[in-house]
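The values are calculated or read from the model by the stated rules, or taken from the named source; none is laboratory data. Just so it is clear, the structure is predicted and the values come from calculations on it, not from any experiment. Only protein heavy atoms, including side chains, enter the accessible area calculation; ligands, DNA and RNA are left aside. Shrake-Rupley method; radii C 1.70, N 1.55, O 1.52, S 1.80 Å.
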Amino acid sequence: ALAQWTAQLMLRRPSQVVACAVANKLARVVWAILAQGGEYRPHPRAGM
């Protein structure tokens with residue numbers, strides 16, 4: 001999903017902006033995981 005989002009953003013924005021957006025998105029994911037004390041699951045299963 002991240003790769004698809006990034007590819008679509010690359011069509012609309014300069015590469016430096018995309019790099020910042022991806023870094024921001026990943027930082028938010030990491031912060032949410034750490035704040036909730038969870039584990040990273042790259043492919044969460046439905047119903048869990």
message: So, for the chain, what is the accessible surface per residue at a probe of 1.4 Å, expressed in square angstrom?
response: 93 Å²
message: Counting only helical runs of four or more DSSP H residues, what would the 222 nm mean residue ellipticity of the chain come to if each run contributes -39,500 (n - 2.57) and the total is spread over all its residues?
response: -23000 deg cm²/dmol
Orientation-averaged projected area, Cα convex hull of the chain (nm²): 3.9 nm²
